[in-house]
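Sharing a structure, written as structure tokens. Questions coming.
The values are calculated or read from the model by the stated rules, or taken from the named source; none is laboratory data. Just so it is clear, the structure is predicted and the values come from calculations on it, not from any experiment. With ideal geometry, Cβ positions are generated from the backbone for all residues, glycine too; neighbour counts draw on all protein chains shown.
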Amino acid sequence: MAHPIQRLFALLFFVIILLLGFEFGEELIFYTAHPASLRADLLPYHTIAPLIMIGIQILSILFVPISDQGITIANGVLFGTFLGSIVSYVGRIIGSVCAFFLGRQLGTPLMEYFLNKNEVNHFNEIITQKGEKPLYGLYMIPFFPSDVISFTAGISKMRFSKFFKIISIGFIPHVILIAGFGDLLGTFEWNLFTLTILGILIVLSVLFLARHRLRAYLKR
């Protein structure tokens, strides 16, 4: 059971995240659809732009309405595949760790109120019945809601050490694929690497469209 002081700090942190999300969420949602505008606005702050984008990536994990995938694509557009992947990876790891501990401290009722209740119950059922192994694949596949999974892992009985191992491995191909796609959108340079990324994303898109069948399979 969470200590009252820890729960209070977690609640205050969660409120701050909500306030930041409501204050800047609309603007960030616009930027995910228009990365060129984000690049222009970040130009005066180019020396600290990676740190700014790490912070935005963290916020996108904790404030679900902001597309975390969109921010990762924007990182690819802004910084290229290599640096964009690093920026996205650091932001996703920090954001997911925060989501895990918020879920652990605040509990199921509050998480179900702010998140999709059906998704929370679904992923909680996967964790309870299947353990950690399916989560590696879910974190690797870009189109699954990794933010909701991280909150749900926190309200489950999963140990933090297992969770951290899963996200540390799972996010590597995740961010490379999405940041690489963003780099492709930003440069339109077609080569073997970008064509490989595009092919993988097409396959993942098919998996996303068949996600309900995949979920049914994971429930077996």
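Restricting attention to helices (runs of 4 or more DSSP H) lying wholly within the range 1-118, give those where 3 or more residues are at pLDDT 80 or above.
4-33, 35-42, 49-62, 68-106
Restricting the range 98-114 to residues that are touching a Ser or Thr at 6+ places or on another chain (Cβ under 8 Å) and of a type outside the set (Phe, Trp, Tyr), which is surrounded by the fewest Cβ atoms within 10 Å (Cβ to Cβ)?
MET111
Further, regarding this structure: When residues of the range 57-93 are filtered for being over 20 Å from GLY25 (Cα atoms) and under 12 Å from the mean Cα position of the chain (by Cα), how many remain?
Residues flagged as over 20 Å from GLY25 (Cα atoms) and under 12 Å from the mean Cα position of the chain (by Cα) within the range 57-93 amount to 3.
Take the range 1-50 and flag every residue that is of a type in the set (S, T, N, Q) and within 18 Å of the chain's Cα centre (by Cα).
THR32 - this is the single residue of the range 1-50 that is of a type in the set (S, T, N, Q) and within 18 Å of the chain's Cα centre (by Cα).
Still on this structure: Pull out all pairs, ordered by first then second residue, where Cβ-Cβ is under 6 Å, the residues are six or more apart or on different chains, the first lies in the range 15-26 and is closer than 14 Å to PHE114 by Cα, and the second is hydrophobic (A, V, I, L, M, F, W, C).
Filtered contacts from the range 15-26: ILE17/LEU62; ILE17/PHE63; GLY21/PHE63.
When only residues in the range 123-148 that are surrounded by fewer than 19 Cβ atoms within 10 Å (Cβ to Cβ) and either farther than 24 Å from PRO173 by Cα or of a type in the set (Ser, Thr, Tyr) (or both) count, which is nearest to the chain's Cα centre (by Cα)?
TYR136
Among the residues of the range 154-165, are any assigned to a helix (DSSP H, G or I), within 17 Å of the chain's Cα centre (by Cα), within 30 Å of ALA36 (Cα to Cα) and modelled with pLDDT of 85 or more?
The answer is no; no qualifying residue exists.
Which condition number in (1) without any contact (Cβ under 8 Å) to a residue 12 or more places away in the chain; (2) of a type in the set (Val, Ile, Thr); (3) crowded, with 23+ Cβ neighbours inside 10 Å is the one that ILE58 fails?
The one condition ILE58 does not meet is (1).
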